[in-house]
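Read-outs throughout are calculated quantities, based only on the coordinates presented, and are distinct from any laboratory measurement. Keep in mind the model is a prediction, meaning the values are calculated, not measured. All Cβ positions, even for glycine, are placed from backbone atoms using ideal geometry, and neighbour counts span all protein chains on display.
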Amino acid sequence: MKVKRGFSLVELMAVIAIIGVLAGVITVSVVSIKTRSRDKAAMVSMESTRLLTSKCLKSGLSDVRLGFPAPMWGEPDVMCYQIPPVTVVGFPEWPIVKDGWEYGWCTDSTCFYFCAPGYSGGSAPPFCPAGYDNYADGVCGGNRANGSFCYALRNGSKYIWCTETGCKKQGF
């Protein structure tokens, strides 16, 4: 009588198929975890700016304004400054966001923008009125008189926005 040694081709193919399915499931899980982690980091960065923004607008300094995170036109890359561009002591640069979340003009699906101060809607805020792309007290970004503010970060269909009442997200 012959003694059978080893595995048949069918048995080996079945094991390889099972390993392939498990590898696919693990890969999808890792990508999903990485995306959620990146999105959470962006939310934490934005939430860290809220109290400093409120402090800036309520500082009592004349002609204080919120800086744009991606500096342009000679503005400082800080959260709070006075005109002419002078950095207000005690205010850091905007926190770093990365891995898909970027500061910059809204020329593509990823950007930072100011919105009308006092916004209280439950979905992503609209851009400032036509003609206002940067901070304009009382119209776009913030209001020194009452301390209200609004700014948002967009990544495709995902939004994070902060106002004086807190930060919210949409599309997560």
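Things worth noting here:
- In degrees, nearest ten, helix 9-57 long axis to first principal axis of the chain (Cα): 10 degrees
- Förster radius 45 Å - calculated FRET efficiency between Ser37 and Val89, Cβ distance, rounded to 0.05: 0.85
- Hydrodynamic radius (Kirkwood) for the range 95-172, which is based on Cα pairs only, to one decimal in Å: 12.6 Å
- Burial ordering of Thr163, Thr35, fewest other beta-carbon atoms within 10 Å first: Thr35, Thr163
- Normalised by 2.2 N^0.38 Å, where N counts its residues, the alpha-carbon radius of gyration of the chain equals 1.57.
- Placing a pseudo-label 7 Å from each Cα along the Cα-to-Cβ vector at Leu61 and Tyr132 gives an inter-label distance of 2.1 nm.
- Per-residue ellipticity at 222 nm, computed for the chain from helices alone with -39500 (n - 2.57) per DSSP H run of at least four residues, works out to -10500 deg cm²/dmol.
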